[in-house]
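> I have a structure I would like to understand better, so I am pasting it below and will then ask my questions one at a time.
The values are calculated or read from the model by the stated rules, or taken from the named source; none is laboratory data. Every value quoted in this text rests on a predicted model; they were computed, and no experiment measured them. Neighbour counts run over all protein chains shown; Cβ positions are idealised from the backbone, glycine included. Heads up: the accessible areas ignore ligands, DNA and RNA and are worked out on the full protein's heavy atoms, side chains in. Shrake-Rupley method; radii C 1.70, N 1.55, O 1.52, S 1.80 Å.
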Amino acid sequence: MIRALTTKRPEMTPFLLLTPALITMLFVVALPLVFSLWTSLTPYQLTKPQTIYSFVGLRNYTRLLTDPGFWIPFGRTVLFLTIALNLEFAFGLGIALLINKITWGQRGLRTIMMFPMMFSPILVGFQFKFIFNDNIGILNNALQSLGLTDQAIPWLVDAKLAMFSLLFAEIWMSTSVFAILLLAGLFAMPRDPLEAAKVDGCNAFQTFRHITLPFLMPFAYIAMTIRSLDVARAYDIVKVMTGGGPAGRTELLWTMIARTGYENAKMGQANAMAYISTVLSILFTWYFYRKLIAARRFMGGVQ
Amino acid sequence: MAAITLEKVVKKYGALGVVHGIDLTIAHEEFVVLVGPSGCGKSTTLRMIAGLEDITGGLVKIGGQVVNDLPPRKRNISMVFQNYALYPHMNVRDNLGFGLKIAGQSPAEISKRVGEAAEILGLTPLLDRTPAELSGGQRQRVAMGRAIVRNPDAFLFDEPLSNLDAKLRGQMRAEIKKLHQKVRTTVVYVTHDQVEAMTLADRIVVMKDGHIEQVGTPMQVFNHPATTFVATFIGSPPMNLLPATISGGAVRLADGTAVPVPDRLTGHVRDGMAVLLGIRPDDISPVGHGLSQDGPGAEVALTVDLAEPLGMESLIYTRLAGQEVQAKLYGPRIVAPGEVLTFRLALDRAHLFDAATGKTVRAL
Ligand SMILES: Nc1ncnc2c1ncn2[C@@H]1O[C@H](COP(=O)(O)OP(=O)(O)OP(=O)(O)O)[C@@H](O)[C@H]1O
Ligand SMILES: [Mg+2]
């Protein structure tokens, strides 16, 4: 039958060949998207399935737009993301530059550098939860034994310190994304322009600032794109370490969405939040991607 | 004022010696070409002058000052790299002005000097393009422009034309020559193309395996090669070298063919000496089809193995004293393989080299 179809209408062949892919896409991507979009327009609750049929239009969205309870975690996520990405970039750059310089044991170090990425974020979260724990954590223990402080520091209880602890864990786990991509950039870096810059009068810092860094920026933007998506959906580390607490002071977008959807059983509203946060991710991706294109424009075709 | 002096300059990579103590003095505003086969240490020497490579031993002086321990930026030299080494993220204007900007020149001064350099090199319409948007020849010009805007004490060129096609190479060669006439500065130019060496140089430095074989004007190097290496390296097709012995005032080739010792060399050879007779293809021609028909010569009948007609001349492969030699026939005449012709060897332009040392038997 298929043969009959392709011989009679050869122009159908491409569509025929695409059918399996299209069907997969339909079930994996399109249906969930449509379903979640629909639920974000209803007061859907997981426990009351019939709520899925009462259409409320954009009510979930309009509520969110005026709700500080949504915008504060939203803003916190953006802040968290900004700080994490900048610090990861700075540390990753430093690590990449150092590793690029050494001649002995480089392979080993490159592998070791990847270790944090091999661990499950949940386990990283637990690990740091114990490190930062105010009673039994080794950090407080160490600080007290060294006599640097005489009382326990509430790393995960004080709102600011808790944010810091979360950042620390996040950065510890993912700086190597930057380090690896920037190192790849350094390996790919042509030597000639560096030498030309030296002859043109640059000292080491000027060479770095004017030649190396611009060359590395596309690699940094790739890392930022990846990491902005990663951090914008940060959930596991936060859930494990602080659970969004104390009193919601470390609540990020996705811990809030999960709480709204599952604990408060407002799946409709949670999906509306998720859509708004997706827009955020798209914005970040678009922003870094544009930067990447701009920074990459010169790299095509130059040997 | 910048003469460049190398005194016993040595470069080693670990135990591997690459440059073995070379001495060279380059005068102010002189155009010196370092030429030699691949791997002979030309680039290394140039990079030591630039400061991009540590100097293992000896002294490098620029303008009388020892620069061994100065970083490149303190040497006031410009370098043009083989693959141009333009800054890919800057447009042509910024590429040209980068050195001036780093030197802290005012924007007005930078734009004036960039404008001048762009004018000289015909880059004015391209100032806003990035290197990716330029052709090979244009990139080459930007690289040269970047070198000249800074008014350096010396220009260093490392095979700047080797990435261009033959036609463009010819054009750029002429432009470099013109440029040197306009912007008179000391130039050290590395190439393994002997045509570039011959046409550009005030003096040629022929290098081999980290040594200098000969230093001289293009004509000196061509007419009086100091060694068999220089003799075969400079000139195309290369000079023929035929093993021979001196006996009874004649040069006796392997098969017994005897030709008289060239007049100018008679005092310099003794009987029984093993030599190499060096004679360029241009100086072996069928009678009546050579460059010069007068002067001392010897005539031999040779069989043509192969002829390559090049239009107004043909390159002929034949055998003399059992060895393949190349000869030239001037004139649009077709020669067939197997044809036997009488060739005339122009002995006044022949050379004798000591077979043992490879050095020319005549002190220059
Ligand atoms: N970093 C290095 N480590 C070890 N040996 C090197 C290094 N750089 C160059 N060499 C060796 O030094 C010798 C001279 O190299 P150099 O680049 O000066 O040659 P060159 O004359 O410029 O040749 P070419 O015409 O191919 O450019 C070569 O045999 C090369 O293998
Ligand atoms: Mg070289």
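> Looking at B:Met198, B:Val10, B:Leu46, which one has the Cα that reaches farthest to the positive end of the dipole of region B:4-233 (charges on Cβ: Lys, Arg +1; Asp, Glu -1)?
So the residue we want is B:Leu46.
> May I ask you to give the solvent-accessible area per residue for region A:72-166, in square angstrom, as obtained with a 1.4 angstrom probe?
For region A:72-166, the solvent-accessible area averages 61 Å² per residue.
> Percent of Cα-Cα pairs more than 18 Å apart in region B:180-333, please. Walk me through the intermediate numbers first.
Working: 7713 of 11781 pairs.
That fraction is 65 percent.
> Calculate the FRET efficiency for A:Thr66 and B:Gln171 from the Cβ-Cβ distance with a Förster distance of 56 Å, rounded to the nearest 0.05.
Numbers: r = 71 Å, r/R0 = 1.27.
Efficiency computed from Cβ-Cβ geometry: 0.20.
> Taking 8 Å as the Cα distance limit and 6 or more residues as the minimum spacing, I'd like the relative contact order of chain B as a percentage.
Details: 767 pairs, mean separation 54.9, N = 364.
Relative contact order, chain B: 15 percent.
> If you look at just the Cα atoms of region A:170-259, how large are its Rg and its Dmax in Å?
According to the Cα coordinates of region A:170-259, Rg and Dmax are 19.2, 60 Å.
> Also, I was wondering about something else. Taking the Cβ-Cβ separation of B:Leu16 and A:Trp38 as r and a Förster radius of 60 Å, what is the calculated FRET efficiency to the nearest 0.05? Intermediate values should be presented prior to the final figure.
Numbers: r = 73 Å, r/R0 = 1.22.
That pair, B:Leu16 with A:Trp38, gives E of 0.25.
> To continue, here is another question. Would you mind telling me the share, in percent, of accessible area of chain B contributed by carbon and sulfur at probe 1.4 angstrom?
Working: 7730 of 15080 Å².
Result for chain B: 51 percent of the exposed heavy-atom area is carbon or sulfur.
> Can you tell which of B:Val335, B:Ala350, B:Met273 lies farthest toward the positive end of the dipole of region B:240-354, using +1 and -1 charges on the Cβ of basic and acidic side chains (Lys, Arg; Asp, Glu)?
Farthest towards the positive end: B:Met273.
> Distances over 41 Å make up what percent of all Cα-Cα pairs in the protein assembly as shown? Working shown, then result.
Working: 122823 of 222111 pairs.
Across the protein assembly as shown, Cα pairs with separations above 41 Å total 55 percent.
> For region B:240-354, what is the relative contact order in percent, using Cα pairs closer than 8 Å and at least 6 residues apart in sequence? Before the final figure, lay out each step's value.
On the way: 270 pairs, mean separation 36.3, N = 115.
Across region B:240-354, relative contact order equals 32 percent.
> So how strong a dipole does chain A carry about its Cα centre when Lys and Arg Cβ are +1 and Asp and Glu Cβ are -1, to the nearest 20 debye? Intermediate values should be presented prior to the final figure.
Numbers: 25 positive and 14 negative charges, 177 e Å.
Using only the charged Cβ atoms, the result is roughly 860 debye.
> Shifting gears a bit: For the residue pair A:Val28 and A:Trp104, what label-to-label distance in nm results when each label sits 7 Å from Cα along the Cα-to-beta-carbon direction?
My value for the distance between the label points is 4.8 nm.
> Averaged over B:71-81, how many beta carbons belonging to a partner chain fall within 10 Å of each residue's beta carbon? Show your work: numbers first, answer last.
Numbers: counts 6, 8, 9, 2, 2, 2, 1, 4, 6, 2, 6.
The shielding value for this peptide is 4.
> Right, something else. In nm, to one decimal, how far is the modelled label at B:His28 from the one at B:Ala321, with both set 7 Å along Cα→Cβ?
The modelled label-to-label distance comes out at 5.0 nm.
> How many partner chain Cβ atoms sit within 10 Å of a residue's Cβ in peptide B:47-55, on average, as a whole number? If you can, show how the numbers build up before the last one.
Values: counts 2, 0, 0, 3, 3, 6, 1, 0, 0.
Across B:47-55, the average partner-chain Cβ count within 10 Å equals 2.
> Which of the helices in chain A, when you take each full DSSP H run, stretch at least 27 Å along the axis at their Cα atoms and have an average Kyte-Doolittle score of 0.5 or higher?
Details: long enough: A:68-101 (49 Å, 1.24); A:159-188 (43 Å, 1.79); A:267-296 (42 Å, 0.65).
Flagged H segments are A:68-101, A:159-188, A:267-296.
> Right, another one. Any residues in region B:119-142 that have 40 Å² or more less accessible area with all protein chains than in their chain alone, probe 1.4 Å, and which are they?
B:Ala132, B:Arg139
> Let me ask you something else. Can you give the average number of partner chain beta-carbon atoms within 10 Å of each beta-carbon in peptide B:86-93, as a whole number?
Working: counts 5, 12, 12, 14, 5, 1, 0, 0.
Mean number of neighbouring Cβ atoms from other chains: 6.
> Given +1 on the Cβ of Lys and Arg, -1 on the Cβ of Asp and Glu, and no further charges, what dipole in debye does region B:224-364 carry about its Cα centre, rounded to the nearest 20?
Its charge dipole is roughly 320 debye.
> For the charge dipole of chain A, defined by +1 on Lys and Arg C-beta atoms and -1 on Asp and Glu C-beta atoms about the Cα centroid, which residue among A:Leu18, A:Ser174, A:Val124 has the Cα displaced farthest towards the positive pole?
A:Leu18
> Let me ask something else. Grab the Cα-Cα distance for A:Lys8 and A:Leu87, subtract it from 0.36 nm times how many residues apart they are, and report the gain in nm with one decimal.
Working: separation 79, 0.36 × 79 = 28.44 nm, distance 6.15 nm.
Roughly 22.3 nm would be gained on extension.
> Tell me, what is the per residue accessible area of region B:240-354 in Å², probe radius 1.4 Å?
Numbers: 5050 Å² over 115 residues.
Spelled out: the 1.4 Å probe surface of region B:240-354, per residue, equals 44 Å².
> Sort A:Thr62, B:Thr257, B:Thr318, B:Thr199 from largest to smallest accessible area, using a 1.4 Å probe on the heavy atoms of the protein chains. Show your work: numbers first, answer last.
Values: A:Thr62 80, B:Thr257 35, B:Thr318 0, B:Thr199 55 Å².
The ordering from most to least exposed comes out as A:Thr62, B:Thr199, B:Thr257, B:Thr318.
> From the Cα gyration tensor of chain B, with a ≥ b ≥ c the square roots of its eigenvalues, which class applies: rounded if a/c is under 1.5, or else prolate if a/b is larger than b/c, or else oblate?
On the way: a/c = 3.02, a/b = 1.83, b/c = 1.65.
Prolate.
> Moving on to the next point. Strictly greater than 27 Å: what percent of every Cα pair in chain A meets that?
On the way: 26960 of 45753 pairs.
Cα-Cα pairs of chain A separated by over 27 Å account for 59 percent.
> Interface A/B, total buried accessible area with a 1.4 Å probe, nearest 100 Å²?
Using a 1.4 Å probe on protein heavy atoms, the buried area is about 2200 Å².
> Over chain A, what is the relative contact order in percent, taking alpha-carbon pairs closer than 8 angstrom and at least six residues apart? Write down the numbers at each step before the final one.
On the way: 327 pairs, mean separation 75.5, N = 303.
It comes to 25 percent, rounded to a whole number.
> A further question on this structure: Rounding to the nearest 10 and keeping the result within 0 to 90°, find how far the Cα-based axis of helix B:92-102 lies from the longest principal axis of chain B.
70
> Separate question: Please work out the C-alpha center-to-center distance from region A:211-286 to region B:90-158 and express it in whole Å.
With region A:211-286 and region B:90-158 each reduced to a Cα centre, they are spaced 47 Å.
> Let me ask something additional. Under a point-charge model restricted to the Cβ atoms of Lys and Arg (+1) and Asp and Glu (-1), what is the dipole moment magnitude of the protein assembly as shown relative to its Cα centre, in debye to the nearest 20? If you can, show how the numbers build up before the last one.
Working: 63 positive and 51 negative charges, 447 e Å.
Dipole size: approximately 2140 debye.
> Any idea of A:Lys266's accessible area? Nearest 10 Å², probe 1.4 Å.
Spelled out: A:Lys266, probe radius 1.4 Å, area about 90 Å².
> As a quick test, which of the pairs B:Lys11/B:Lys208; B:Lys74/B:Lys208; A:Lys129/A:Lys266; A:Lys198/B:Lys42; A:Lys198/A:Lys291; B:Lys112/B:Lys167 have an alpha carbon distance above 25 angstrom in this structure? Each step should come with its number before you reach the end.
Numbers: B:Lys11/B:Lys208 14 Å; B:Lys74/B:Lys208 30 Å; A:Lys129/A:Lys266 29 Å; A:Lys198/B:Lys42 20 Å; A:Lys198/A:Lys291 28 Å; B:Lys112/B:Lys167 32 Å.
Pairs exceeding 25 Å: B:Lys74/B:Lys208; A:Lys129/A:Lys266; A:Lys198/A:Lys291; B:Lys112/B:Lys167.
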